[in-house]
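Single-structure report; data block below.
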Amino acid sequence: MSELSRKKDAVRRRLEELGSVIVALSGGVDSSVLLMLSLEALGRERVLAVTGVSPSLAARERELAARVAEGLGAPHELIDTSELQSPAYRANDGSRCFHCRSELFERLAPLAEQRGFDALVYGAITDDLGDVRPGMEAARRYRVAAPLLEAGLGKEEVRALAREAGLEVSEKPAMACLSSRFPVGVEVTEAALRQVEQAEEALHLQGFQHFRVRYHGEIARIELGPSDLSRLADPACRDALVAGVREAGFRWVTLDLEGYRPAGTAPSARLLSIGASED
């Protein structure tokens with residue numbers, strides 16, 4: 001038996017120990033694989049996928065989560081979360097993810113009790129251990145299990161399981177919530193979240209694959225992956241990108257020369273303005 005197969009079996013055994021579970025489903029590859037293995041281990045009657053919905057979740061991500069659950073044959077529900085009502089969340093002081101996860105788990109705990117589910121699970125993996133992850137602290141406080149992490153599964157192994165099962169999210173780039181686009185200390189508001197979502201949708205429609213639109217007030221700082229940077233040599237592509245981001249409400253459109261990198265990395269001091277004007 002391969003190492004990956006052993007880890008997969010370990011996840012199933014852990015899920016069987018839990019009895020019945022609510023899976024916090026974001027639509028990313030980690031939570032999607034966790035949902036798939038939950039169904040394999042426990043059956044449809046003992047699994048419920050739940051996605052928390054708020055302005056920080058892009059509509060495209062919500063639709064993907066629903067599609068994944070439907071494709072797996074899993075019961076799936078959406079619940080509204082209200083993290084934006086929390087001053088601590090809006091303040092964005094570095095502990096934002098703790099308040100977001102706490103809000104989600106506070107909603108899921110009574111739901112599990114009402115529906116008779118034994119445990120809550122979420123898709124943390126070993127790759128998450130190397131970063132500052134306030135959300136993991138919230139999971140510990142609410143006793144939310146992380147079967148993939150407990151089995152020692154990392155991102156590439158999770159992707160391998162997703163590819164093996166034919167999940168459409170197997171190669172999906174990581175996509176943190178929209179609030180991650182705000183520098184620490186910059187207030188997160190619903191209006192600004194909508195700006196970011198609309199701007200990123202414009203990039204998606206232009207065919208870009210790995211990107212972020214970082215919010216700096218009137219300035220949109222765009223990070224692109226290496227494979228996408230070369231596309232900006234095409235004036236038509238560049239003009240369409242600028243027009244789409246400006247339509248979202250940004251006055252200036254800038255390109256970060258360091259390219260896409262995870263949220264929390266220090267922003268580059270080198271910004272290249274493309275098609276922007278101070279008039």
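Details
- Within this structure, residue 208 passes the test of being surrounded by 14 or more Cβ atoms within 10 Å (Cβ to Cβ) and at pLDDT below 95.
- Against the numbered list (1) within 18 Å of residue 180 (Cα to Cα); (2) within 19 Å of the chain's Cα centre (by Cα); (3) surrounded by 15 or more Cβ atoms within 10 Å (Cβ to Cβ), residue 220 comes up short only at (2).
- Counting only residues that are acidic (Asp, Glu) and in contact (Cβ under 8 Å) with a residue 60 or more places away in the chain, region 1-60 holds 1 of them.
- Residue within region 227-236 that is surrounded by fewer than 16 Cβ atoms within 10 Å (Cβ to Cβ), over 25 Å from the mean Cα position of the chain (by Cα), at pLDDT 95 or above and of a type outside the set (A, V, I, L, M) present: no
- Selection status of residue 82, in contact (Cβ under 8 Å) with a residue 24 or more places away in the chain, in the same structural domain as residue 113 (by TED's automatic domain parsing) and within 18 Å of residue 175 (Cα to Cα): no
- From 200, 171, 150, residue being farther than 30 Å from residue 86 by Cα, of a type outside the set (Gly, Ala, Ser) and at pLDDT 95 or above: 150
- Residues that are more than 12 Å from residue 213 (Cα to Cα) and of a type outside the set (Asp, Glu) within region 230-241 comprise 230, 231, 232, 233, 235, 236, 237, 238, 240, listed in sequence order.
- Residue pairs meeting the criteria (Cβ under 6 Å; at least 6 apart or on separate chains; first at negative phi, in region 165-178; second modelled with pLDDT under 95 and surrounded by fewer than 19 Cβ atoms within 10 Å (Cβ to Cβ)): 173/210; 176/263
- Which listed residue, of 143, 159, is among the basic types (Lys, Arg) and assigned to a helix (DSSP H, G or I): 159
- The set of residues in region 72-104 that are crowded, with 18+ Cβ neighbours inside 10 Å, over 13 Å from residue 53 (Cα atoms) and of a type in the set (A, V, I, L, M, F, W, C) comprises 72, 74, 97, 98.
- Selection status of residue 188, assigned to a loop (DSSP other than H, G, I, E, B), surrounded by 20 or more Cβ atoms within 10 Å (Cβ to Cβ), in contact with a Phe, Trp or Tyr (Cβ under 7 Å, 6 or more places away or on another chain) and not hydroxyl-bearing (Ser, Thr, Tyr): yes
- Taken over region 237-251, residues that are in a loop (DSSP other than H, G, I, E, B) and either surrounded by fewer than 18 Cβ atoms within 10 Å (Cβ to Cβ) or small (Gly, Ala, Ser) (or both) amount to 3.
The values are calculated or read from the model by the stated rules, or taken from the named source; none is laboratory data. Here the structure is a predicted model, which is why all the values come from computation and not from measurement. Heads up, the Cβs are rebuilt from the backbone with ideal geometry, glycines too, and the neighbour counts pull from every protein chain shown.
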